[in-house]
């Protein structure tokens, strides 16, 4: 698997659980401005959703929410939760977990949509 | 796939030597943290499945019931949580740059915003409670099944989310103490970073709860 | 964790006390993965014994038609307890908690798992869950009588102590999640130098697939069980048709977890078999990548087949077809494993030892379990056998004949490593023979009577089912005597067995490179890896040299 | 066990097809393993050869089983399709399941505790449950479908031979699950028509109690079962739990009516609140007939 960060040098001895920060995982701190920009984007996107649901209740409002909400989630995941800066393996794991949830939900609807 | 083999194979490490050499595996810890976050996602995921099924079954009732919720409070709380996510990353960033006091200030702000969120939530819930709308309550029990389902889902999902906010606040408190005592610092900030990851997850869940409940009319 | 292993240049093995604590306290506070594994074993086999006893009582009551020894209510509690204990306390933690804990770091060449403290915590959570489960027997409205599946709306109406039992299952889920998180991280981070993912022993692959299921699936059942408790206490009505809820949704949520979890039970057992066969065939495994990747395939496809538990509940016909075809897909990677195992015996140099016999027994019994599963996968035939003794037979062939026998195989394979003692070979083979005969006498009649139309969970039955019931009950006695001989033989070996060499079976994976039993830090010299896990060349060369 | 419905032969064919290929595979696997273990045991074959794998073989034993299981799926599906497509003109019968008895309601209002069906004509069963999940299972007909509260499940079958067949509850439903049995009586079509006409109209109070399964839990001879006996019940003073408060009431018409419609409102001390609400199964006239019957006990 694509776990390029696992190197033999880490293999011995066992590390400790829990939270020590340190050199192995360190990446340069992200500029404050980037975070503020993400935050502004999140606020704006929230307003867009609310506006859509207020002025165009029903299909349009829900449609906008269905498009915008995942974008907001992606912003948080990629920047606030640093997935953008992490090794590939973290993104793969995350997508697998979400993928399974989506799959399971989809399969459930083979029952409810066809009743 | 890894091709290079490490050098440790050549050097024998005796148990005694290990005891004196404290070893950290931050990527390992982060892997564990993310795995934990997946379990949280799937925990809410189960409720999202329940929501999806009943929204499908009781579409109109859900729209009716959603009118009862206070959209202003819901949106305000979204802003509060989004802002708290910002203060959280700023706190991590400050600690990474070894600005301890600034980091603590941002962490304090995050804590305050979390409080603010809960206070708003409290007013919202108590208004509902006042009208007899709470799980097991008279009014809720008398509602048409679909609307009752909406409110029970609302209380279960925002309640579970609220518990997560409370836990997050507890963790923030203990991390603040550990930053102050120097156990969490610029050279070992992972604990604060993981608190941040957890807090953003709480935010992430709320981002989905907003359209599912407040913007469903 | 490093602190607890201090002691200047300690040279003893992990079974001996070290550090400041002695005796029981040293065990209860240990973070040593091997000791934690043994603590799981002690607790789990206690519960296993209880559940076997309950199973014997069920069989005794069913020996003849009519009610002989217990009332229907007590009978219902008996099969509920048998199921709850066997599933949640024995077979779900099962091989991962015992041999995953003991062997994973050894096979990877690490000196512990990634989070040793979390590992100990998960044992305590397991014990807490077990205590809650036991409490549900004695307090409140009586012993739960819902079956281990807790189906709504019966579980919502039952006056028995369902909430506490459900809460116990919820708590046990956390233990499972913690173990899964620990193993995934360990596998990603602590492999020996040179050990890429595709040089990992196949048991580790089995555990890796299992751990992912534990992490991803368990939370779903966690929230479902919480909702059952909320439903019983607050009447939220999610699963109660009287309040507009849908009992079928409960079954969906329950099986979204509980179907993948049968792979939690079986994948590590398949891993054990994949270890034993190359060792006793004295050759490399056939189709390493096929076996490794089929574990992952089973884990993933296993998520998509839960609906086959629900072919008669009134799901949409579309859903039934979709789940039927997906169910058949999961048979394919399973078949791949079996064929590769057989090919591993081809042109080997085979030694018939107890672990190999258990492994072969696994393949035989699990094949019956898997093949009868095809009857359950096909729609028209499943409609007939669904909720009959056929399903009970099929389930026990896969779970007991598979996961259970896999555990027994693991015990016979790794006992010398874990305790540094050999057990009596002859007695082990006798126990195996008794078990195999008894097992088939017990469960094969269930397949037959299920086809005849005997529903499951019946305290009493119509006279036409008498003969198979009688044979099954007699079989249960034979099988249990086999288990007793086996356990007695193994336990006796801990004190009286001959000392075991480091590598009694000529195994090639890393655990055989350290002493038996291993030292606290597993390896005096941390190993590094240059070949695949089942490379016998070095062993053969050594043997040839010795012969000269 | 021989099948007795129009589609049982089809189900059995699929079954034997799957079973046949399973037996062939099981015997093949077992024989091969034993053969290898004998032929390549160390005393006869001291040096093993390392065969890492074979792409050809892997492909072969991936593709062949895939084809085989898809054939199995197809047969299972084909049989299932027949089972789900109710033929036009099938006789509708409503199956009412409850803890722990069956009753069957025909189009003309006739109700029975055993299921009478004509040979050679399709029967469509609508499956209802008054409380928890039950499952309608007639092994001889190869038919099974749950009586799921909150869902309208259905099934159909056509008896091909005269006879009396077992009908069982296949979904665990509590204390008397294994006693929740009935018979399916398949009679010639003309006999069935005569039988159906004769028994129309409203059953007596005593018959109602039997049809609705009340007698499973309430005796008429004073025996204490799951619920109180009808004997000497009317006019008796009983201690009941109302909203968790114990109080004394006298059994009158009002109380009996409430017990039928809202059984959990007043539960007699010493009994579990297990009785289903009967409102959807009894109309006002039925209730009066039952009250009159209980008065006479």
| task | Please determine, in degrees from 0 to 90 and to the nearest 10, the orientation of helix C:162-189 with respect to the longest principal axis defined by the Cα atoms of chain C, where the helix direction is its Cα long axis. | result | 30
| query | In vacuo Debye scattering of segment D:1-123, one point per C-alpha: log10 I(q)/I(0) at q = 0.10 Å⁻¹? | reply | -0.62
| request: Report the extension gain between residue D:121 and residue D:252 in nm, rounded to one decimal, defined as 0.36 nm multiplied by the number of residues separating them, less their alpha carbon distance. | output: 42.5 nm
| note | The helix C:33-62 Cα axis meets the longest alpha-carbon principal axis of chain C at an angle in degrees, between 0 and 90 and rounded to 10, of 40
| field | Rg/Rh ratio calculated on Cα atoms of segment C:400-472 (Kirkwood radius) | value | 1.17
| Stokes-Einstein diffusion coefficient of segment A:29-81, Kirkwood radius over Cα pairs, 10 °C, 1.306 mPa s, in µm²/s | 136
| remark: Rounded to two decimals, the Debye log10 I(q)/I(0) of chain D (Cα scatterers, no solvent) at q = 0.09, 0.11 Å⁻¹ is -0.61, -0.78
| task | Considering only DSSP beta bridges where both residues belong to the protein assembly as shown, give the percentage that are antiparallel (nearest 5). | result | 75
| Mind listing P(r) for segment D:91-198? All alpha-carbon pairs, 5 Å bins, whole percents. | 2, 13, 25, 27, 18, 9, 4, 1
| query | When only alpha-carbon atoms count, how far does chain C stretch along each of its three principal axes, as whole angstroms with the largest first? | reply | 75, 49, 45
| query | With axes computed from alpha carbons, what is the tilt in degrees of helix C:288-301 against the longest principal axis of chain C, rounded to the nearest 10 within 0 to 90? | reply | 30
| said: Viscosity 0.890 mPa s, temperature 25 °C: what is the translational diffusion coefficient of segment C:156-274 from Stokes-Einstein with a Kirkwood Rh over Cα pairs, rounded to a whole number of µm²/s? | reply: 153
| task | Mind giving me the nanometre distance, one decimal, between the label points for residue C:49 and residue A:67, set 7 Å out from Cα along Cα→Cβ? | result | 6.6
| query | Which of rounded, prolate, oblate describes segment C:440-548, given a ≥ b ≥ c as roots of the alpha-carbon gyration tensor eigenvalues and a/c under 1.5 marking rounded, otherwise prolate only if a/b is larger than b/c? | reply | prolate
| Based on the Cβ-Cβ distance from residue C:27 to residue C:484, what FRET efficiency comes out when R0 is 35 Å, to the nearest 0.05? | 0.85
| remark: For chain D, averaging the sequence separation of alpha carbon pairs under 8 Å that lie six or more residues apart and dividing by its residue count, the contact order in percent is 15
| remark: The simple spin-label model distance between residue D:59 and residue D:297, using points 7 Å out along Cα→Cβ, in nm, is 7.6
| field | R0 of 45 Å, Cβ-Cβ distance residue D:44-residue C:69: FRET efficiency to nearest 0.05 | value | 0.30
| note | Relative contact order as a percentage, segment A:29-81, C-alpha pairs under 8 Å and 6+ apart, gives 39
| What is the distance, in nm, between label points placed 7 Å from the Cα along the Cα-to-Cβ direction at residue D:114 and at residue D:70? | 4.9
| Using 0.36 nm per residue, how much length does the chain from residue D:268 to residue D:207 gain when fully extended, once their Cα-Cα distance is taken away? | 19.5 nm
| R0 of 41 Å, Cβ-Cβ distance residue D:189-residue D:23: FRET efficiency to nearest 0.05 | 0.55
| request: Would you mind ranking D:173, D:217 by Cβ crowding within 10 Å, fewest neighbours first? | output: D:217, D:173
| request: Return the inverse of the average 1/r over all pairs of distinct C-alpha atoms in the protein assembly as shown, which is the Kirkwood hydrodynamic radius, in Å to one decimal. | output: 32.2
| message | From zero outward in steps of 5 Å, how is the percent of C-alpha pairs of segment B:24-214 spread across the bins? | response | 1, 7, 15, 17, 17, 13, 10, 7, 5, 4, 2, 0
| Using all Cα-Cα distances in segment C:13-162, what percent lands in each 5 angstrom bin from 0 up to the longest? | 2, 9, 15, 17, 15, 12, 10, 8, 7, 4, 2, 0, 0
| request: Return the calculated 222 nm mean residue ellipticity for the protein assembly as shown, to the nearest 500 deg cm²/dmol, obtained by summing -39500 (n - 2.57) across DSSP H runs with n ≥ 4 and dividing by the residue count. | output: -20000 deg cm²/dmol
| remark: Scoring chain C by relative contact order with C-alpha pairs under 8 Å, at least six apart, yields a percentage of 17
| task | Sort D:16-24, C:163-171 for me by packing, meaning the mean count of neighbouring Cβ atoms within 10 Å per residue, highest on top. | result | C:163-171, D:16-24
| Anisotropy class of segment D:214-286 from Cα gyration tensor, a/c 1.5 cut | rounded
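All of the numbers you see were taken from the coordinates with simple rules; none came from a lab. Note that the coordinates shown come from a computational prediction; the quantities given were computed from them, not determined experimentally. Here Cβ is always computed from backbone atoms with ideal geometry, including for glycine, and neighbour counts include all displayed protein chains.
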